[in-house]
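The block underneath contains the structure these notes are about, expressed in structure tokens.
The values are calculated or read from the model by the stated rules, or taken from the named source; none is laboratory data. None of the values given here were measured: they were computed from a predicted structure. Here Cβ is always computed from backbone atoms with ideal geometry, including for glycine, and neighbour counts include all displayed protein chains. Calculation scope for accessible area: heavy atoms of the full protein, side chains included, ligands and nucleic acids excluded. Shrake-Rupley method; radii C 1.70, N 1.55, O 1.52, S 1.80 Å.
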Amino acid sequence: MASVMGLFLRHVYSALFGWVLIEQLGLPIPSVPMMLAAGTMSAAHKFHVEYGLPLVLLACLIADSAWYLLGKRYGSRVLEFLCRMSLEASTCVTRTQGSVMKRGPVTLLFAKFVPGLSTMAAPIAGQAGISYPVFLIYDMAGTLIWAGSWLFAGRFFGDLAKRSSEFFSTLGHFAVLLVVLMVVGWQVYRLVKRRQFYSELRGLRLEPAQLLAMIEDAEQAGTELPFIVDLRHPLDVLPDPRTLPGAVRIGPDDLKLRRAMIPLDRDVVLYCTCPSEETSAKVALELRRLGVRRVRPLRGGLQGWKDAGYPLQLIEV
């Protein structure tokens, strides 16, 4: 353990830079434990925040700029990729888009503190057309607040631990192990939350083929079609202004506020941008708790329907 700790101390700055860069590039490996550990080490003068903080800013600048440019160029395709990669059950493209459209670049000041929002904010800022200089100012200010908070929280803990020399010595000896345990613990928590989410969702999803059959049966019988709701954000509609036959476009928050318009006597089908149907699944679960029992998310969302080659209609502007 002593040799591992010695190696960690010799390369703490490069380890911090690399860890933050990897996380910000999209790998679900939290860097907060590393920043806390580095901040704690500063109490023993084995790490200097004034050197480490610029490295965190540089790592975030590289990763966030890359995601901004990719979001600006490729839009929804980048967001779908990030949605697939994320282990965060709360990662939601539509929620982040709504926050960016409502608050503008101010969202970037707190985005890194919010799971899911942190991953999506930079590419959505590019997709939303926020200029790069404005994005850079707010993103770096948000990064400074985020990194400074965790580094100085670690320093505060280190100063408290120094009051007991024995405890501080033990803490330093097992610092690497504690970082690993925090990372593993956080990953396990994420996986458990995601497993609970999908467990609750099991049996609720509607396959595209099932929905097509429901539409055709209703047309042949001359009855009302299923009530299909397109939950996509306007930013996602712009590059592909098509929707499922008979679908109405209502945002997730608006749909919950306008619950009275949701029919209780026929099937309600929701779909969104996320290929893992995060948004539609969450809205469906919330509506079921509010008494709308015949509501189901469409498996694969709009992309799943398109991949199956089923009919679409242009959105009337």
Projected convex hull area of the stretch 255-296, Cα atoms, direction-averaged, in nm², equals 2.8
With the dipole of the stretch 233-313 defined by +1 on each Lys or Arg Cβ and -1 on each Asp or Glu Cβ, the option from Leu264, Ile250, Leu302 whose Cα lies farthest towards the positive pole is Leu264
1/(1 + (r/R0)^6) with r = Cβ-Cβ of Met182 and Glu286, R0 = 35 Å, i.e. FRET efficiency to nearest 0.05, evaluates to 0.65
If R0 = 35 Å, then Asp217 and Leu257, at their Cβ-Cβ distance, give a FRET efficiency to the nearest 0.05 of 0.65
With +1 on the Cβ of every Lys and Arg and -1 on the Cβ of every Asp and Glu, the dipole magnitude of the stretch 245-317 about its Cα centre, in debye rounded to the nearest 20, is 320
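What net charge is computed for the residues neighbouring Asp139, neighbours being all others with C-beta under 11 Å from the C-beta of Asp139, Lys and Arg scored +1, Asp and Glu -1?
Summing Lys/Arg as +1 and Asp/Glu as -1 gives 0.
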Once phi for every residue in the stretch 131-138 is put through the Karplus expression 6.51 cos²θ - 1.76 cosθ + 1.60 (θ = phi - 60°), the whole-Hz ³J(HN,Hα) values, with Gly and Pro written as x, are 5, 4, x, 5, 4, 4, 4, 6
Under a 1.4 Å probe, counting only protein heavy atoms, Thr119 has an accessible area in Å², nearest 10, of 50
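What do you get for Rg/Rh over the stretch 209-253 if you use C-alpha atoms and the Kirkwood form of Rh?
That ratio equals 1.06.
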Amide H neighbours of Asp230 at under 5 Å, excluding residues fewer than 5 places away on the same chain, with H built from the backbone geometry, are Val248, Arg249, Ile250
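Going down the list Lys46/Lys72; Lys72/Lys193; Lys72/Lys112; Lys162/Lys193, which pairs span over 29 Å between their C-alpha atoms?
Distance filter (> 29 Å) returns Lys46/Lys72; Lys72/Lys193; Lys162/Lys193.
Taking the Cβ of Glu224 as the center, what net charge do the other residues with Cβ under 11 Å away carry, scoring Lys and Arg +1 and Asp and Glu -1? Kindly include the intermediate steps, with their values, before the conclusion.
Working: positive: Arg266; negative: Glu219, Asp265, Asp267.
Residues close to Glu224 contribute a combined charge of -2.
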A correct Karplus calculation of ³J(HN,Hα) over the stretch 240-248, with 6.51 cos²θ - 1.76 cosθ + 1.60, θ = phi - 60°, whole Hz and x for Gly and Pro, returns 9, x, 10, 8, 5, x, x, 6, 10
Once Arg10 and His48 are pulled to full extension, the length gained, defined as 0.36 nm per residue separation minus their Cα-Cα distance, is 12.4 nm
Residues whose modelled amide H sits under 5 Å from the amide H of Gly300, counting only those 5 or more places away in sequence or on another chain, are Glu277
For the stretch 142-149, in residue order, the Karplus 3J(HN,Hα) values (coefficients 6.51, -1.76, 1.60; θ = phi - 60°; whole Hz; Gly and Pro = x) are x, 5, 4, 5, 5, 5, x, 4
Highest mean packing first, using Cβ neighbours within 10 angstrom, the peptides 180-193, 147-160 sort as 147-160, 180-193
For the pair Glu207 and Leu25, the simple spin-label estimate (label points 7 Å beyond Cα toward Cβ) gives in nm 3.9
In nm, the gap between the two label points placed 7 Å beyond Cα toward Cβ at Ile62 and Val192 is 3.5
Residue span Lys162 to Val106: 0.36 nm per residue of separation minus Cα-Cα distance leaves a gain in nm of 16.4 nm
Placing each pseudo-label 7 Å from Cα in the direction of the beta carbon, Leu144 and Gln313 end up separated by a distance in nanometres of 5.3
